[in-house]
Amino acid sequence: LATQNPIDQEGTYQLPEAQLDRFLLKLVLDIPERADEVTILERSAAGFNPRDLAAAGTRFLIAQVDAEPAGFARIRPGPPPSVHPAVHSAVQPAARPFEIVQFYARRQWIGRGVGSQLMEACLASARADGSDLVWLGVWEQNARALAFYAKWGFREIGKKHFTVGSDVQDDLVLARAP
């Protein structure tokens with residue numbers, strides 16, 4: 001991380017600007033909301049190991065074409081975030097919700113069936129887990145993704161804020177039965 005912690009002082013301080021070019025990646029982390037902090041502390045106290053994604057229920061599905069990666073999805077059990085409800089949301093609270101955290105196809109494979117195969121695998125995983133709701137977040141201006149998810153029966157249940165750098169954007173939260 002691009003921080004410094006002088007020996008004679010407590011706390012962490014930003015690096016001087018002259019030293020920032022020594023890093024390939026800049027990561028900005030917001031302070032988690034109180035409910036998220038409580039969850040983190042509860043999981044930590046219960047022995048959760050953040051390096052063991054399988055124990056947290058997180059799985060990665062990889063789509064391949066001729067042994068080459070063509071896309072991937074990251075999935076896990078978990079409830080949708082608190083959202084600003086959609087005007088006509090008919091989705092009832094779920095007992096066993098399931099999240100599609102990330103869903104991507106490589107550019108050359110978009111429109112060639114990779115996304116459909118990945119989505120079917122995501123929904124099959126949700127059904128196998130006994131989930132009663134599958135949900136995901138998508139940038140409200142991503143027309144191609146919105147059309148794809150609509151084709152798969154996802155409907156808007158609300159909005160949540162998503163921050164890219166200092167730009168606050170809205171993600172639509174979409175859901176459907178598995």
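The values are calculated or read from the model by the stated rules, or taken from the named source; none is laboratory data. Bear in mind that the values here come from a model prediction, so they are computed numbers and not experimental data. Positions of Cβ are backbone-derived with ideal geometry, glycine not excepted, and every protein chain shown enters the neighbour counts. Accessible surface is based on the protein model in full, side chains and every heavy atom, while ligands, DNA and RNA are left aside. Shrake-Rupley method; radii C 1.70, N 1.55, O 1.52, S 1.80 Å.
So Ala121 fits all but one of (1) under 30 Å from Glu33 (Cβ atoms); (2) out of contact with any helix residue (DSSP H, G or I) (no Cβ under 8 Å at 6 or more places or on another chain); what number is the exception?
(1)
Given the criterion in contact with a helix residue (DSSP H, G or I) (Cβ under 6 Å, 6 or more places away or on another chain) and within 20 Å of Pro81 (Cβ to Cβ), identify the matching residue among Val168, Val138. Even if it seems obvious, please write down each step before you answer.
Working: Val168 fails: in contact with a helix residue (DSSP H, G or I) (Cβ under 6 Å, 6 or more places away or on another chain).
Matching residue, one of Val168, Val138: Val138.
Find all pairs meeting these conditions: Cβ atoms under 8 angstrom apart; at least six residues apart or on different chains; first residue within the stretch 162-178 and more than 27 Å from Ala126 (Cβ to Cβ); second residue part of a strand (DSSP E or B).
Thr163/Gln169; Val168/His161; Val168/Phe162
Can you find even one residue in the stretch 56-78 that is modelled with pLDDT under 70, part of a loop (DSSP other than H, G, I, E, B) and open to solvent by 90 Å² or more (accessible area, probe 1.4 Å)? Reasoning before the result, please.
Filtering the stretch 56-78 for residues modelled with pLDDT under 70 gives 56.
Retained after the next criterion (residues that are part of a loop (DSSP other than H, G, I, E, B)): 56.
Among the residues that remain, those that are also open to solvent by 90 Å² or more (accessible area, probe 1.4 Å) are: none.
Scanning the stretch 56-78, I find no residue that is modelled with pLDDT under 70, part of a loop (DSSP other than H, G, I, E, B) and open to solvent by 90 Å² or more (accessible area, probe 1.4 Å), so the answer is no.
Could you check the stretch 129-172 and list, in sequence order, the residues that are exposed (fewer than 12 other Cβ atoms within 10 Å of the Cβ) and under 20 Å from Ile75 (Cα atoms)?
Gly130, Lys151
For the stretch 120-138, which residues satisfy the criterion of being over 15 Å from the mean Cα position of the chain (by Cα), at negative phi and either free of Cβ contacts under 8 Å to residues at least 40 places away in the same chain or in a helix (DSSP H, G or I) (or both)? Break it down stepwise before answering.
Kept after step one, since they are over 15 Å from the mean Cα position of the chain (by Cα), are these residues of the stretch 120-138: 120-121, 123-133.
Still in the list and also at negative phi: 120-121, 123-129, 131-133.
Glu120, Ala121, Leu123, Ala124, Ser125, Ala126, Arg127, Ala128 - these are the residues of the stretch 120-138 that are over 15 Å from the mean Cα position of the chain (by Cα), at negative phi and either free of Cβ contacts under 8 Å to residues at least 40 places away in the same chain or in a helix (DSSP H, G or I) (or both).
Does the stretch 39-48 contain at least one residue that is among the hydrophobic types (A, V, I, L, M, F, W, C), outside any loop (DSSP other than H, G, I, E, B) and modelled with pLDDT of 85 or more? Please lay out each step first, then the result.
Filtering the stretch 39-48 for residues among the hydrophobic types (A, V, I, L, M, F, W, C) gives 40-41, 45-46, 48.
Filter once more, keeping what is outside any loop (DSSP other than H, G, I, E, B): 40-41, 45.
With modelled with pLDDT of 85 or more added as a condition, the list becomes none.
Checked the stretch 39-48: no residue is among the hydrophobic types (A, V, I, L, M, F, W, C), outside any loop (DSSP other than H, G, I, E, B) and modelled with pLDDT of 85 or more.
Just to be sure, is Gln108 under 30 Å from Pro32 (Cβ atoms) and exposed (fewer than 14 other Cβ atoms within 10 Å of the Cβ)?
Working: under 30 Å from Pro32 (Cβ atoms): no; exposed (fewer than 14 other Cβ atoms within 10 Å of the Cβ): yes.
In short, no.
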